[in-house]
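What follows is one structure encoded as structure tokens, with my remarks underneath.
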Amino acid sequence: MPHRLEAHSKPMKDPAIDSTPGTPPLDPDDKRLLNLIQQDFPLSPRPWDELAKDSDLTGEQVLSKIKRLKADGIIRQISAIFDTKALGYTSTLAAARVPEDRLQQAADVVSRHPGVSHNYKREAGFNLWFTLAVPPGESLDEHLKRMSDEAGFEDLLPLPTIRTFRIGVKLDVQADGPSDETPDASSDANHQGKQHKRHGAKSQPVTLTELDRSFVRVLQKDIPLVDQPFDEACRELGVGFDVLADWMRRMQEAGALRRFAGILHHRQAGFVANAMVVWPVPDGQIEQAGQCAAKAPEVSHCYQRPTNDDWPYNLYTMIHARSEVECQRVIDRIASELEPMGVTEHRALYSTVEYKKQRVSYFPQ
């Protein structure tokens, strides 16, 4: 089956994703807090007091706002964000071709897998796109084969990461696009962005003890919205807060923990146009092109992935914008910057149905 993707000049509509419930208006303090918690959540026994600094709010008022933003569906989760590969997991992006009349059934099969974090319909020849991670010692290929057999894929294209140029969604609610993660970015919380993955970085597995795995299990959970939210984790692990904070700092230095932060629901936060744009970059230009594309503040993820004879796309960028028009403007800008490197085409793949979006639970017992 040829691995060829049909081009679409604009995303096709699907009521399941095109109709976004009305989001309550955000005041300046709401926007500031949303930006701050996405950067690096304060590792403090009373983080709400830390977030209240440099504002007219009290810690109690900050907590009240966070509770409301969570209830309104804008905040998805506040927890530790771990690096999959550094924890020893093997992962891949995969694209499957499924007949339209069996797409929902196949999507249900994919979504049931505990290692699937994202599962979308995209209007293309490959119409089902998902990410899969499997624990240390297990075969990714075997999991994909079983899934393909059960779901009845007509074709499956594994697209593992070769190189990461950028990773991490940080929607700049105060401005018009995701805030840049690079050290020279000008964002409200830029001074906190010390541990983020740099352009061209490669994750390396970290040796974890069983105690380390226990910390991962606990800290990947959504924190309770109470005055001292880390108390529950400390009780569960049987350690004091200083030990908990020290472990997180050590894991950050080792590359296993990207950051402790809040994750937003894109659409509820106003970023309704989300496109994965794929680019065929000449081999000798992939480093330069990847670093160039990764610098765009609207790009949250930028990867090099493999190609084959019928699939020339090796650079993948995830773009979040407030509208399709804005998203296309970003795509056009990146295309003009990549053209001198020999990149003369691209494909914009918009997600039209979200079947699953849920963080992988690492080291389940």
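Collect the residues in the stretch 57-85 that are outside any helix (DSSP H, G or I) and without any contact (Cβ under 8 Å) to a residue 12 or more places away in the chain, keeping them in residue-number order.
Taking the stretch 57-85 and keeping what is outside any helix (DSSP H, G or I), we get 57-58, 72-85.
If the condition is that a residue be outside any helix (DSSP H, G or I) and without any contact (Cβ under 8 Å) to a residue 12 or more places away in the chain, then THR58 is the only one that fits.
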- Search result, residues across the stretch 46-64 that are surrounded by fewer than 19 Cβ atoms within 10 Å (Cβ to Cβ) and either touching a Leu at 6+ places or on another chain (Cβ under 7 Å) or basic (Lys, Arg) (or both): ARG46, LYS53
- Selection within the stretch 86-109 - touching a strand residue (DSSP E or B) at 6+ places or on another chain (Cβ under 7 Å) and either assigned to a helix (DSSP H, G or I) or of a type in the set (Lys, Arg) (or both): ARG97, LEU103, ALA106, ALA107
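Looking only at residues in the stretch 313-325 that are more than 18 Å from the chain's Cα centre (by Cα) and crowded, with 17+ Cβ neighbours inside 10 Å, which one is farthest from ILE167 (Cα to Cα)? Steps first, answer last, please.
Within the stretch 313-325, the first condition is being more than 18 Å from the chain's Cα centre (by Cα), and the residues that meet it are 313-314, 323-325.
Still in the list and also crowded, with 17+ Cβ neighbours inside 10 Å: 313-314.
On the way: TYR313: 19, ASN314: 16 Å.
Checking each candidate, the answer is TYR313.
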- Message: Of everything in the stretch 309-340, what is touching a strand residue (DSSP E or B) at 6+ places or on another chain (Cβ under 8 Å), more than 22 Å from LYS170 (Cα to Cα) and modelled with pLDDT under 95? Give them in sequence order.
- Response: TRP311
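Would you point out which residue out of LEU315, LEU338 is closer than 27 Å to SER91 by Cα, touching a helix residue (DSSP H, G or I) at 6+ places or on another chain (Cβ under 9 Å) and not β-branched (Val, Ile, Thr)? Full working, then the answer.
On the way: LEU338 fails: closer than 27 Å to SER91 by Cα.
Exactly one residue qualifies, and that residue is LEU315.
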- Item | Verdict on LEU57 being modelled with pLDDT of 95 or more and more than 25 Å from GLU154 (Cβ to Cβ) | yes
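Table: residues versus (1) of a type in the set (Ser, Thr, Tyr); (2) surrounded by fewer than 18 Cβ atoms within 10 Å (Cβ to Cβ); (3) at pLDDT 95 or above; (4) part of a strand (DSSP E or B).
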position	(1), (2), (3), (4)
TYR120	yes, no, yes, yes
GLY125	no, yes, no, no
ALA133	no, no, yes, yes
GLN174	no, yes, no, no
- In this structure, is VAL343 buried (at least 20 other Cβ atoms within 10 Å of the Cβ), at pLDDT 95 or above, more than 17 Å from the chain's Cα centre (by Cα) and among the aliphatic types (A, V, I, L, M)? yes
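Here's the yes/no breakdown for (1) in contact (Cβ under 8 Å) with a residue 24 or more places away in the chain; (2) part of a helix (DSSP H, G or I); (3) β-branched (Val, Ile, Thr); (4) crowded, with 22+ Cβ neighbours inside 10 Å:
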| residue | (1), (2), (3), (4) |
| --- | --- |
| ILE263 | yes, no, yes, no |
| GLN268 | yes, no, no, no |
| PHE271 | yes, no, no, yes |
| VAL277 | yes, no, yes, yes |
| GLY284 | no, yes, no, no |
| GLU287 | yes, yes, no, no |
| ALA293 | yes, yes, no, yes |
| PRO306 | yes, no, no, no |
| CYS327 | yes, yes, no, yes |
- Would you be able to say whether some residue in the stretch 88-108 is hydrophobic (A, V, I, L, M, F, W, C), surrounded by 17 or more Cβ atoms within 10 Å (Cβ to Cβ) and under 26 Å from LEU257 (Cα atoms)? yes
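When you look at ALA94, is it under 16 Å from the mean Cα position of the chain (by Cα) and either under 30 Å from GLU154 (Cα atoms) or of a type in the set (A, V, I, L, M, F, W, C) (or both), yes or no?
Numbers: under 16 Å from the mean Cα position of the chain (by Cα): yes; either under 30 Å from GLU154 (Cα atoms) or of a type in the set (A, V, I, L, M, F, W, C) (or both): yes.
Answer is yes for this residue.
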- Test ALA256 against the criterion of being touching an Asp or Glu at 6+ places or on another chain (Cβ under 7 Å) and surrounded by 21 or more Cβ atoms within 10 Å (Cβ to Cβ), and give yes or no. yes
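Has the stretch 139-160 got any residue that is more than 19 Å from the chain's Cα centre (by Cα), assigned to a strand (DSSP E or B) and either acidic (Asp, Glu) or within 15 Å of HIS301 (Cα to Cα) (or both)?
Narrowing the stretch 139-160 to residues more than 19 Å from the chain's Cα centre (by Cα): 139-157.
Next, from what is left, pick out any that are assigned to a strand (DSSP E or B): 155-157.
Subsequent filtering for residues that are either acidic (Asp, Glu) or within 15 Å of HIS301 (Cα to Cα) (or both) retains 155.
There is at least one residue in the stretch 139-160 that is more than 19 Å from the chain's Cα centre (by Cα), assigned to a strand (DSSP E or B) and either acidic (Asp, Glu) or within 15 Å of HIS301 (Cα to Cα) (or both).
Residues are listed down the side, and each one gets a yes or a no for (1) farther than 21 Å from ILE263 by Cβ; (2) touching a Gly at 6+ places or on another chain (Cβ under 8 Å):
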{"residue": "LEU43", "(1), (2)": "no, no"}
{"residue": "TRP48", "(1), (2)": "no, yes"}
{"residue": "LYS53", "(1), (2)": "yes, no"}
{"residue": "LEU57", "(1), (2)": "yes, no"}
{"residue": "GLN61", "(1), (2)": "yes, no"}
{"residue": "LYS65", "(1), (2)": "no, no"}
{"residue": "ARG68", "(1), (2)": "no, no"}
{"residue": "ASP72", "(1), (2)": "no, no"}
{"residue": "ILE78", "(1), (2)": "no, yes"}
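The values are calculated or read from the model by the stated rules, or taken from the named source; none is laboratory data. As the structure is a prediction and not an experimental result, all values here were calculated from the model. Positions of Cβ are generated from backbone atoms using ideal geometry, with glycine treated the same way; all protein chains shown enter the neighbour counts.
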